[in-house]
Each structure stands twice: as structure tokens, then as C-alpha cells.
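The structure under discussion appears below in the form of C-alpha cells.
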Amino acid sequence: MTWRATVLTLFPEMFPGPLGVSLAGKALASGVWSLEARDIRDSATDRHRSVDDTPAGGGPGMVLRADVLATAIDAADAGDGRPRLLMSPRGRPLTQAQVK
């Protein structure tokens with residue numbers, strides 16, 4: 001059985017990037033694991049393929065639209081029970097001091 005990873009990104013052309021070198025790259029080339037990079041924009045429904053919007057409540061910057069991201073996550077689900085790792089800016093930052 002091959003370990004499979006699906007990455008949702010706005011820049012699929014950046015993959016495998018660092019994952020394609022060193023031991024991870026050798027394992028990828030030999031088929032120990034596989035990588036699929038999916039473009040989040042493919043789940044956008046408007047003609048401009050918009051994926052971001054201004055934050056609710058105002059403030060600087062942009063955030064990913066929840067409807068587009070939810071559609072992309074659901075489309076990437078292979079139905080094989082793989083865990084989902086959803087990255088978020090919430091929570092404590094991981095530092096070397098926390099690793100034991």
C-alpha cells in the first residue's frame with residue numbers, strides 16, 4: 001500500500017518542491033508515497049475564480065473564502081478514510097523547545 005498525500009494549494013506548480021529531494025524525494029520516486037497537488041481555484045464558482053475575500057469585521061489583508069475551501073476539501077476526499085490535516089493560524093506555534 002502506498003501512503004498518499006493530497007495538498008490543497010493556490011500554487012500547485014510549487015509541488016513537490018522540497019518534498020521531491022532527499023529521502024522524501026527518493027521515496028516519492030520509488031512509489032513509497034504519492035503526492036497530489038490540487039488547485040483550490042478549481043473549486044471557485046465565479047468567472048474570475050475568486051478564492052479570497054476581505055475579513056469579516058474588517059481589518060487588513062485577505063482570507064480564503066470558506067465556501068470555496070470547503071468545496072475543495074470535499075472534492076479532495078477520496079473516501080478512503082485518510083486523516084485530514086487542516087492547517088490553521090490558531091493555536092500555539094510549534095517551536096524546537098516544545099519538541100521532546
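A short reminder: the numbers here are calculations on the coordinates, not readings from a lab. If you're wondering where the values come from, they're calculated on a predicted model, not measured in any experiment. Here the Cβ positions follow ideal geometry from the backbone for every residue, glycine too, while neighbour counts run over all protein chains shown.
Numbers for the structure displayed
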| quantity | calculated |
| --- | --- |
| In sequence order, calculated HN-Hα J values of the range 25-39 (Karplus, 6.51, -1.76, 1.60; Hz; x Gly/Pro) | x, 5, 5, 5, 5, 8, x, 5, 9, 10, 10, 10, 9, 10, 7 |
| For the chain, alpha-carbon Rg relative to the globular expectation (2.2 N^0.38 Å, N residues) | 1.30 |
| Highest-fluctuation residue, Ala75, Ala37, Ala56 considered, GNM on the chain with Cα pairs under 10 Å | Ala56 |
| DSSP-defined beta bridges in the chain - what % are antiparallel, rounded to 5 | 20 percent |
| Most fluctuating residue given options Ala24, Ala72, Ala44, as computed from a GNM of the chain linking Cα atoms under 10 Å | Ala24 |
| Normalised contact order of the chain, rounded percent, pairs of Cα under 8 Å and 6 or more residues apart | 23 percent |
| For Arg49, net neighbour charge (Lys/Arg +1, Asp/Glu -1) across residues whose Cβ lies under 15 Å away | -2 |
| For Leu8, distant residues with modelled amide H under 5 Å away | Arg38 |
| Cleavage-rule hits (trypsin sites (Lys or Arg not before Pro)) in the range 34-84: DSSP loop, at most 10 neighbouring Cβ within 10 angstrom | Arg47, Arg84 |
| Gaussian network model of the chain, springs between alpha carbon atoms under 10 Å - residue of Thr45, Thr71, Thr54 with greatest fluctuation | Thr54 |
| Unit charges on C-beta of K, R, D, E only; dipole of the chain, Debye | 460 debye |
